[in-house]
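Accompanying notes for the structure given below.
The values are calculated or read from the model by the stated rules, or taken from the named source; none is laboratory data. The shown structure was predicted, so the numbers you read here are calculated from the model rather than taken from an experiment. Cβ: placed from backbone, ideal geometry, glycine included. Neighbour counts: every protein chain shown.
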Amino acid sequence: MELEEVGKAISNPLRTLILSLLVQNSHITLDECFRLVKKEYPKIHQETVYRSLEKLHHAGLISKEYSHKSKRLEYNILSKIIQIDFLNKSIKFQE
């Protein structure tokens with residue numbers, strides 16, 4: 001994961017909201033995330049939430065896994081603390 005990619009992912013207010021929702025709600029589906037986001041952004045479309053989840057996944061900030069137990073695709077935050085070192089252009093994840 002690249003510093004620039006992570007920076008772009010977390011600089012968007014919608015994606016920041018989604019990250020905070022994932023901190024509070026583990027194993028969340030697209031539909032569940034959409035319902036929660038819609039409380040803050042009433043006119044948002046589900047496709048926009050999906051694209052935001054995909055950008056966060058691509059940036060390495062969240063995981064996307066199919067749960068065989070619950071038979072659904074779930075998103076989870078990978079780390080609650082992200083330390084960014086701009087001088088050395090490095091990123092560290094902590095629990």
Complete set of residues in region 53-72 that are in a strand (DSSP E or B), in contact (Cβ under 8 Å) with a residue 24 or more places away in the chain and either surrounded by 14 or more Cβ atoms within 10 Å (Cβ to Cβ) or among the basic types (Lys, Arg) (or both): Ile62, Arg72
Residue list for region 13-54, restricted to those being hydroxyl-bearing (Ser, Thr, Tyr) and either modelled with pLDDT of 95 or more or touching a Lys or Arg at 6+ places or on another chain (Cβ under 6 Å) (or both): Thr29, Tyr41, Thr48, Tyr50, Ser52
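Taking the condition of being within 18 Å of Ile84 (Cα to Cα), in a helix (DSSP H, G or I) and either in contact with a strand residue (DSSP E or B) (Cβ under 9 Å, 6 or more places away or on another chain) or not charged (D, E, K, R) (or both), how many residues in region 1-52 meet it?
8
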